[in-house]
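Chemist: Take this structure first; my questions come after.
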Amino acid sequence: MTSRRKKPEELRSHRWYGVDDLRSFGHRSRTAQMGLERSEYAGKPVIAIVNTWSEINPCHTHFRQRAEEVKRGIWQAGGYPVEMPALTLSEPFQKPTTMLYRNLLAMETEELLRSYPADGAVLMGGCDKTTPALIMGALSANLPAIFLPAGPMLRGDYRGQFLGSGSDTWKYWAELRAGNITQEDWKEIESGIARSPGHCMTMGTASTMTSAAEAMGLTLPGAASIPAPDSRHAQMASLTGKRVVDMVWEDLKPRDIVDARAIDNAVTAVLALGGSTNAIVHLIALARRAGVPLDLARFDALARRTPVLANVRPSGKYLMEDFFYAGGLRGLLARLSDLLDGTALTVNGRTLGENVAGSPVYQDDVIRTRDNALVANSGLAVLTGNLAPHGAVIKPAAMEARLQVHTGPAVVFRSYDDMAARIDDPALAITADSVIVLQGAGPHGAPGMPEWGQLPIPKKLLQEGVRDMVRISDARMSGTSYGACVLHVAPESHVGGPLALVKDGDLVALDVPARKLELLVDAAELERRRAAWRAPPRHFNRGFGALYLDHVTQADQGCDFDFLEDGAATADPEIH
Ligand code: FES
């Protein structure tokens, strides 16, 4: 980082507002049209506030107000804030899955920053895919930027008990199907499980990715853990606005921050949090945007040395609100300092080591000490074998330990609809030892690689008390889910990966300690099946879906578009 500060005429926006030509007249007269006199913005850094607020995104309901607080900070620091709404990716509502649109928001972010007179950006996201999308786009645009995390919502409440997003939905849904709770109970849970603005408050994808952004150096220190309704969240928004103005003058850009050290720090943080498996796909995509090689093997290598310290659901007991009160991410990172590269730079101009040094932990049961870790290591594991030649992932911390080494006969579903139609059929030939296989749920297959990976346990087995089984798919799984679910099988079945060749009754062997996933069918028979295999029809022939299918990469490659991966930022536009 250079200590030289830019001059106003070196600002990118100067080419729009500062020169004396016909075009600049147009830009200034149109700014005047919006009520701004020239002295209010001339020579000031233009800060784009990329806001994913929408009335269809419950996790971002406070973003209108937060954008005002960001603007306050920007004005106070001598900048000119310009709010730019961007596509929201609302996890509960967007179908078939927000993952289909992550790259669209990334493209939109990149192009918003490139095509308008932005000198810097505040990226407002939090609901699952919004975080990686905004950061991927900002890395490609490479203008000074800070990520402003939405913050987790407050704990859910049900008859004096806490409820966790997702985790308790799955848990009580299973109890309802098993006949252990009533429709009335279920309705009460519905009204109390999400009771404030903010993203899911378990260690789902949202909390995992906002924490990863902080560990990567892209948020102000401590930002990711603050609950959305807390007044300290509003204060953080204002400080974020203030700081990004200085980043513009310092010319501190995302690619100065996100290097191999930052990526390893983010992966280590995700592992110590017991974070969502979705982070694997997102961090690979994001690292590639920054030109940092990251593959599944690196996750497994870092997992083997990283303890899970966050006692947060679904792996643990507490929720993000408790995690914040216990010291938050900074407290957790301070306990991991020997596993992090403290020299990595962050958006406040200081190193990660400086930002977390001495950060206290107030409750050792929520953020565990190293000698009392929730899981000693390997909270995530990467599997390979003839069923997943390019890899698959599993979360050993969130499954029944007895299933870690398991061989059983496959029960195969060709699609989600096939599974939905037959899984609860009393005549289905399935036992607790069976291995449930879902095909057609990957990036091309579903399409969009939805979070179907926590395949349901058949009702008749639930009623027998079975709560976990080995389940395998090329889907992702919600970070709030749990179970012996093998995910992200690559290559996916829809493009002819070996998962497509599995038939009912085939023996499948899972060995998590050995990191193996094998289909116990001889090679000649598999070759016969491969020769007979026919590709299923393509899902889209027009629109964004067609672009997606033409360019999306497989899960082990991050599911980015091939033409958006590494490379210098595209040149700035000519201003005519
Ligand atoms: Fe938005 Fe879970 S629904 S983070």
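Chemist: What per residue convex hull volume, in Å³, comes out for the range 300-413 when only alpha-carbon positions are used?
Modeler: Details: hull volume 18.8 nm³, N = 114.
With only Cα atoms used, the range 300-413 gives 165 Å³ per residue.
Chemist: Rounded to the nearest 0.05, what FRET efficiency is calculated for GLU9 and LYS95 with R0 set to 45 Å and r the Cβ-Cβ distance? Can you show the working numbers first?
Modeler: Working: r = 48 Å, r/R0 = 1.07.
For GLU9 and LYS95, the calculated efficiency is 0.40.
Chemist: For GLU68, put the label point 7 Å out on the Cα→Cβ axis and report which residues of the range 238-278 keep their amide N under 19 Å from it.
Modeler: 238-242
Chemist: Given Cβ point charges of +1 (Lys, Arg) and -1 (Asp, Glu) and nothing else, what value in debye, to the nearest 20, does the dipole of the chain about its Cα centre take? Could the numbers behind the result be given before it?
Modeler: Values: 61 positive and 67 negative charges, 116 e Å.
It works out to roughly 560 debye.
Chemist: Could you list, by residue number, the cysteines of the chain that have no other cysteine's beta carbon within less than 4.7 Å of their beta carbon?
Modeler: Taking the Cβ cut-off of 4.7 Å, the unpaired cysteines of the chain are CYS200, CYS485, CYS559.
Chemist: Here's a follow-up. Under a no-solvent Debye model with one identical scatterer per Cα of the range 166-288, what's log10 I(q)/I(0) at q = 0.10, 0.13, 0.16, 0.20 Å⁻¹?
Modeler: Debye intensities relative to I(0), on a log10 scale: -0.44, -0.68, -0.89, -1.14.
Chemist: Then there's this: What do you get for Rg/Rh over the range 242-384 if you use C-alpha atoms and the Kirkwood form of Rh? Could the numbers behind the result be given before it?
Modeler: On the way: Rg = 15.5 Å, Rh = 15.8 Å.
Over the Cα atoms of the range 242-384, Rg/Rh equals 0.98.
Chemist: Report the one residue of ALA174, LEU143, GLY125 whose Cα lies farthest in the direction of the positive end of the charge dipole of the range 101-205 (charges on C-beta: Lys and Arg +1, Asp and Glu -1; origin at the Cα centre).
Modeler: Result: ALA174, furthest along the dipole toward the positive end.
Chemist: Helix 63-76: angle to the longest alpha-carbon principal axis of the chain, degrees 0 to 90, nearest 10?
Modeler: 30
Chemist: Listed here are the pairs LYS95/LYS317; LYS395/LYS460; LYS460/LYS503; LYS395/LYS459; which of them are more than 29 Å apart at the Cα? Write down the numbers at each step before the final one.
Modeler: Numbers: LYS95/LYS317 31 Å; LYS395/LYS460 26 Å; LYS460/LYS503 22 Å; LYS395/LYS459 24 Å.
In this structure, LYS95/LYS317 lie more than 29 Å apart at Cα.
Chemist: Taking loop as defined by DSSP and a crowding limit of 13 other beta carbons within 10 Å, which chymotrypsin sites (Phe, Trp or Tyr not before Pro) in the range 342-446 fit? Before the final figure, lay out the partial values.
Modeler: On the way: sites: TYR362, PHE413, TYR416; in loops: TYR362.
Those satisfying the criteria are TYR362.
Chemist: Can you compute the modelled spin-label distance between TRP186 and ASP21, with each label point 7 Å from Cα toward Cβ, in nm?
Modeler: According to this spin-label approximation, the distance is 6.5 nm.
Chemist: For the chain, state the average projected area of the convex hull of the C-alpha atoms over all orientations, rounded to one decimal in nm². Could you put the intermediate results ahead of the total?
Modeler: Values: hull surface 106.0 nm².
Across all orientations, the chain yields a mean hull projection of 26.5 nm².
Chemist: Which of ASN355, VAL411, ASN386 sits farthest toward the positive end of the charge dipole of the range 288-417, with +1 on the Cβ of Lys and Arg and -1 on the Cβ of Asp and Glu?
Modeler: Most positive-ward Cα: ASN386.
Chemist: How long are the three semi-axes of the equivalent ellipsoid of the range 1-121, in whole Å, if each is the root of 5 times an eigenvalue of the C-alpha gyration tensor, listed from largest down?
Modeler: Working: eigenvalues 183, 50, 46 Å².
Largest first, the range 1-121 gives 30, 16, 15 Å.
Chemist: Sequence neighbours fewer than 8 away in the same chain don't count; with that in mind, list the lysines whose C-alpha is under 26 Å from LYS6.
Modeler: LYS44, LYS71, LYS242, LYS253
Chemist: Further question on the same structure: Mind giving me the FRET efficiency for ALA523 and SER115? R0 is 45 Å, r the Cβ-Cβ distance, nearest 0.05 is fine. Working shown, then result.
Modeler: Working: r = 53 Å, r/R0 = 1.18.
Result of the calculation: an efficiency of 0.30.
Chemist: Report the local net charge at VAL552: Lys and Arg +1, Asp and Glu -1, summed over other residues whose C-beta lies under 9 Å from its C-beta. Display every interim value, and only then the final one.
Modeler: On the way: positive: none; negative: ASP550, ASP560, ASP562.
Here the count lands on -3.
Chemist: Please give the residues of the range 323-341, grouped as numeric ranges, whose backbone N is less than 19 Å from a label point set 7 Å along the Cα-to-Cβ vector of ARG370.
Modeler: From the range 323-341, the list is 328-341.
Chemist: For GLU55 and ASP504, what is the calculated FRET efficiency with R₀ set at 60 Å and r taken between the beta-carbons, to the nearest 0.05?
Modeler: Values: r = 46 Å, r/R0 = 0.76.
Here the calculated transfer efficiency is 0.85.
Chemist: Averaging over every viewing direction, what projected area does the convex hull of the Cα atoms of the range 516-576 cover, in nm²? Numbers along the way, then the final one.
Modeler: On the way: hull surface 32.4 nm².
Here the figure is 8.1 nm², rounded to one decimal.
Chemist: Can you compute 3J(HN,Hα) from phi for each residue in the range 541-555, using the Karplus curve 6.51 cos²θ - 1.76 cosθ + 1.60 with θ = phi - 60°, rounded to whole Hz and x for Gly and Pro?
Modeler: Couplings: 10, 8, x, 4, x, 5, 4, 4, 5, 6, 10, 5, 8, 6, 4 Hz.
Chemist: Between TYR362 and PHE544, what length comes free when the chain is fully extended (0.36 nm per residue of separation minus the Cα-Cα distance, one decimal in nm)? Intermediate values should be presented prior to the final figure.
Modeler: Values: separation 182, 0.36 × 182 = 65.52 nm, distance 4.81 nm.
Difference between extended and current length: 60.7 nm.
Chemist: Which value at 222 nm does the chain reach when only helices count, each DSSP H run of 4 or more adding -39,500 (n - 2.57), with the total divided by all residues and rounded to the nearest 500 deg cm²/dmol?
Modeler: Details: 21 runs with 200 residues, N = 576.
Computed ellipticity for the chain at 222 nm equals -10000 deg cm²/dmol.
Chemist: Right, here's the next one. Please report the equivalent ellipsoid semi-axes of the range 81-221, computed as sqrt(5 x eigenvalue) of the Cα gyration tensor, largest first, in whole Å. Each step should come with its number before you reach the end.
Modeler: Details: eigenvalues 245, 45, 27 Å².
Computed over the range 81-221, the values are 35, 15, 12 Å.
Chemist: Cross-link partners among lysines for LYS187, C-alpha distance below 18 Å, same-chain residues fewer than 8 apart left out?
Modeler: LYS171
Chemist: Could you list the trypsin sites (Lys or Arg not before Pro) in the range 530-576 that lie in coil according to DSSP, counting only those with at most 12 other Cβ atoms within 10 Å of their Cβ?
Modeler: Values: sites: ARG530, ARG534, ARG538, ARG542; in loops: ARG534, ARG538, ARG542.
Those that pass, being in a loop and sparsely packed, are ARG534, ARG542.
Chemist: Mind checking the angle between helix 523-532 and the chain's longest principal axis? C-alpha axes, 0 to 90 degrees, to the nearest 10.
Modeler: Approximately 70 degrees, to the nearest ten.
FYI, it's all coordinate maths here, none of it is from the lab. These figures come from a predicted structure and were not determined experimentally. Methodologically, a virtual Cβ is constructed for each residue, glycine included, from the backbone with ideal geometry; neighbour enumeration extends over all protein chains shown.
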